[in-house]
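Asker: I'd like to ask some things about the structure below.
Coordinate-derived values only; no laboratory data. Fair warning: this is a prediction, and the values are worked out from it, not measured in the lab. Positions of Cβ are generated from backbone atoms using ideal geometry, with glycine treated the same way; all protein chains shown enter the neighbour counts.
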Amino acid sequence: MSMDFSIRDAQLNDIDAILEIYSRSVMEETASWEYYPPSKEEMIIRFENISAKYPYLIAHIDNEIIGYAYASLFRGREGWRFACENSVYVKPKYHGLGIAKALMNQLCDKCAQIGLKTMVAVIGDSENQASIALHKSLGFVHVCTFSKIGFKFDKWLDSVIMQKSLA
C-alpha cells in the first residue's frame with residue numbers, strides 16, 4: 001500500500017467521501033454519539049458552517065479520500081472564541097499509519113495561524129485508546145473524564161476531555 005498521501009483543504013465536492021467515512025464511524029464506533037448518519041444535505045450544511053470559519057482538511061492518495069479533520073466551535077459564547085474543538089476520522093484500512101497525526105498537525109498549525117489559542121478534544125469513549133494516544137502524542141493533556149455520560153450501542157460511555165495550547 002502506497003503511503004504517499006497528501007493533505008489539502010476540503011472542498012464541497014469532497015462531501016460524498018467525507019460522509020462515507022463518517023457514516024461508517026457513526027454506525028460502528030463511539031467516536032461520535034450520533035445514532036444515525038446525517039443526510040448529504042445535512043452534511044453539506046455542517047461543512048459550509050464549519051469551513052466558513054475553521055480549517056477543514058482532507059487526506060488523499062491520488063483520488064481516494066482516506067481521512068479528514070476539522071476544527072469547529074467549542075462553545076457558543078463570545079468568551080470562548082479563541083478555543084476550538086477538533087474532529088478527525090480516517091478509513092479503517094489506513095488506521096495506524098500516521099494519517100490522523102499528519103492531519104492533526106496541520107489542523108493545529110492552521111488553527112494557530114487564524115488566532116485560536118486552545119484546541120479541545122472531546123473523545124467519545126475512554127476505551128478509544130488510539131484517539132487518546134494520538135492526542136497525547138500531539139501534546140494534548142488530559143483534563144477530565146466524564147464517567148458514563150453518554151449512551152450508544154446499548155452501553156454507557158465515558159467522555160475524555162483533552163486540550164492543547166496553540167499559542
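Asker: Go through (1) of a type in the set (F, W, Y); (2) without any contact (Cβ under 8 Å) to a residue 40 or more places away in the chain; (3) closer than 23 Å to F47 by Cβ one by one and return the number of the condition F140 breaks.
Answerer: Answer for F140: the failing condition is (3).
Asker: Within segment 2-23, track down each residue that is out of contact with any Lys or Arg (no Cβ under 8 Å at 6 or more places or on another chain), outside any strand (DSSP E or B) and not aromatic (F, W, Y).
Answerer: Of everything in segment 2-23, those that are out of contact with any Lys or Arg (no Cβ under 8 Å at 6 or more places or on another chain), outside any strand (DSSP E or B) and not aromatic (F, W, Y) turn out to be S2, M3, D4, A10, Q11, L12, N13, D14, A17, I18, E20, S23.
Asker: If a residue counts only when it is under 14 Å from the mean Cα position of the chain (by Cα), β-branched (V, I, T) and surrounded by 18 or more Cβ atoms within 10 Å (Cβ to Cβ), which strands (runs of 3 or more DSSP E) contained entirely in segment 32-131 have at least 2 such residues?
Answerer: 83-90, 118-123
Asker: What do you reckon, is Q106 more than 24 Å from S6 (Cα to Cα) and either touching a residue at least 40 places away in the same chain (Cβ under 8 Å) or out of contact with any helix residue (DSSP H, G or I) (no Cβ under 7 Å at 6 or more places or on another chain) (or both)?
Answerer: No, not satisfied.
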